[in-house]
Amino acid sequence: QNKDLEKRIKAIDQAALAEELSVKNTEKVREEIDKKRKEEADKRRQRAQVMARQREVEAQKERQRQLKLFAEQTRIQQLLIEGEEDSVNKSIKLAELRYNTALSLAKENANQIQIAELTYQNELTRIYAQEDQLRLEEQKRIEEERRAFALETREFDIQQIEDSTQRDLAMLEYKYDQQFELAKGNEERIAELQRRFSIERLNLMKNETSEL
């Protein structure tokens, strides 16, 4: 009877040991599976990071290529405009090119867009101011040429007067008319010129009388 009991106890112990070993083996297998899964996940994550970095590098290269192409095309446009004859239209074209270039580079940066717009408006103001100044200078030049020709014609006509006294009087008046023009706004100078003119004219008249 004792031997039977010992056999049963031994059988129970062996069954328990087998179960314990089975549990340990299962846990070990599970740990191995979890470890492999983690390793695979790490590898996938690393591959994804590497691919993301590669895509970013390629994207950066493409942006640089596009920027280089944009700069070249803009430079070509600038050179074509600069080759045109100088004019207000040419200056406006260059200002517009700079404005559009700045807008393209600004993307969606509100401050850069505002800077581009203000710069463009300032350039247009300067261009139109220069145009007005050039127009005034041209008008002044034309007026000066007209006056110079009128004076030249008047002097020529005076030289054609046969009577010497009348010629001298006309030349005297011609000389003082120019001086009066230069003295405009200076009342003291005008008064002195009138005094001198009267004296010289009177002397010419006296000379004519004495010759008679």
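With the cut-off at 29 Å, tell me which of the pairs 61/107; 43/68; 36/61; 61/93 have Cα atoms farther apart than that.
43/68; 36/61; 61/93
Please turn the phi angles of segment 143-155 into ³J(HN,Hα) values with the Karplus equation 6.51 cos²θ - 1.76 cosθ + 1.60 (θ = phi - 60°), one per residue in order, whole Hz, x for glycine and proline.
For segment 143-155, the Karplus-derived couplings read 5, 5, 5, 5, 5, 4, 5, 4, 5, 4, 5, 4, 5 Hz, x marking Gly and Pro.
Scan segment 78-127 for GluC sites (Glu not before Pro) in coil per DSSP, keeping those whose Cβ has at most 10 other Cβ atoms within 10 Å, and list them by number.
Sites meeting the loop and neighbour criteria: 85, 108.
Which distance in Å, rounded to a whole number, links the C-alpha centroids of segment 124-144 and segment 87-109?
The two parts, judged by their Cα centres, are 24 Å apart.
Can you list residues whose amide H is under 5 Å from residue 183's amide H, if they're 5+ apart or on another chain and H is modeled 1.01 Å from N?
Amide H to amide H, under 5 Å and 5 or more residues apart or across chains, residue 183 pairs with nothing.
Could you quote the convex hull projected area for segment 88-212, Cα atoms only and averaged over all directions, in nm²?
12.0 nm²
Calculate the FRET efficiency for residue 182 and residue 155 from the Cβ-Cβ distance with a Förster distance of 22 Å, rounded to the nearest 0.05.
According to the calculation, E is roughly 0.85.
Sorted by accessible area with a 1.4 angstrom probe, largest first, how do 128, 120 fall?
Ranking 128, 120 by accessible area, largest first, yields 128, 120.
Which trypsin sites (Lys or Arg not before Pro) from segment 27-107 combine a DSSP loop assignment with at most 14 other Cβ atoms within 10 Å?
107
Quickly rank 136-144, 188-196 as a protection proxy: mean count of other C-beta atoms within 10 Å, highest first.
188-196, 136-144
The values are calculated or read from the model by the stated rules, or taken from the named source; none is laboratory data. Just so we're clear, the structure is a prediction, and the values are computed from it rather than from any experiment. Neighbour counts are summed over all protein chains in view; Cβ atoms, including those assigned to glycine, are modelled from backbone coordinates with ideal geometry. Note: areas computed on protein heavy atoms with side chains; ligands, DNA, RNA excluded. Shrake-Rupley method; radii C 1.70, N 1.55, O 1.52, S 1.80 Å.
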